[in-house]
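> If you scroll down you'll find the structure; I have some questions about it.
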Amino acid sequence: MTRTAPATAAANALPGLPRDADGPVFREPWEAQAFAMALALHERGLFTWPEWAAALARRIRLAQAEGDPDSGDTYYHHWLATLETLVAEKGVASAETLERTVQAWDRACERTPHGRPIVLQPQDFA
């Protein structure tokens, strides 16, 4: 699989990023989507990679202090939490909007049979 230059640049700028010889690796589709969202926001100038790395390191340290064993399987959970924090801090979306969206996804997941695509519908935001 060919990696894009921005993805490779991100992998090189973030030494803790799970990767192989070709670049970032993901265990689940949502991990790749979270990575892509951060990449897109970086490309739009929302944050620099050093700023991102510092915010992610803070998130991981906090999680470790709360008992995260840091076995590698929670890395993208921290990635997503960091993304949500920076989006709120930068004023792109409020914490309330982010929480409303998380709840909408939860509702959509609950009604979707296993193996089927999850589709958000207007009632999910009610």
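To keep it simple, each residue is scored yes or no on (1) among the acidic types (Asp, Glu); (2) at pLDDT 90 or above; (3) closer than 30 Å to Gln121 by Cβ; (4) out of contact with any strand residue (DSSP E or B) (no Cβ under 7 Å at 6 or more places or on another chain).
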{"site": "Thr8", "(1), (2), (3), (4)": "no, no, no, no"}
{"site": "Pro15", "(1), (2), (3), (4)": "no, no, no, yes"}
{"site": "Met37", "(1), (2), (3), (4)": "no, yes, yes, yes"}
{"site": "Trp52", "(1), (2), (3), (4)": "no, yes, no, yes"}
{"site": "Leu56", "(1), (2), (3), (4)": "no, yes, no, yes"}
{"site": "His77", "(1), (2), (3), (4)": "no, yes, yes, yes"}
{"site": "Thr82", "(1), (2), (3), (4)": "no, yes, yes, yes"}
{"site": "Arg100", "(1), (2), (3), (4)": "no, yes, yes, yes"}
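> If you don't mind, another one. Can you name the residue in segment 68-100 that is within 19 Å of Gly16 (Cβ to Cβ) and in a loop (DSSP other than H, G, I, E, B) and is also farthest from the chain's Cα centre (by Cα) among such residues?
Pro69
> Could you give every pair whose Cβ atoms fall below 8 Å, whose first residue belongs to segment 34-54 and is free of Cβ contacts under 8 Å to residues at least 60 places away in the same chain and under 14 Å from Lys90 (Cβ atoms), and whose second residue is aromatic (Phe, Trp, Tyr) and surrounded by 12 or more Cβ atoms within 10 Å (Cβ to Cβ), counting only separations of at least 6 or pairs across chains?
Ala38/Trp52; Ala38/Trp79; Leu41/Phe47; His42/Trp49; His42/Trp52
> Which is closer than 26 Å to Ala126 by Cβ and surrounded by fewer than 14 Cβ atoms within 10 Å (Cβ to Cβ), of Gly72, Gly91?
The match here is Gly91.
> Okay, moving on. Of the residues Arg107, Arg59, Arg27, Arg44, which is among the basic types (Lys, Arg) and touching a His at 6+ places or on another chain (Cβ under 7 Å)?
Arg59
> Sticking with this structure for a sec: Would you please name the residue that is nearest to Leu86 (Cα to Cα), looking only at residues in segment 18-36 that are in contact with a helix residue (DSSP H, G or I) (Cβ under 6 Å, 6 or more places away or on another chain) and not in a loop (DSSP other than H, G, I, E, B)?
Checked segment 18-36; the qualifying residue nearest to Leu86 (Cα to Cα) is Ala34.
> For segment 101-126, enumerate the residues that are of a type outside the set (Lys, Arg), part of a loop (DSSP other than H, G, I, E, B) and surrounded by fewer than 11 Cβ atoms within 10 Å (Cβ to Cβ).
Selection gives Pro113, His114, Gly115, Pro117, Val119, Ala126.
The values are calculated or read from the model by the stated rules, or taken from the named source; none is laboratory data. Quick caveat, the model's predicted, so the values are computed rather than measured. Reconstructed Cβ throughout: ideal geometry from the backbone, glycine too, with neighbour counts over all protein chains shown.
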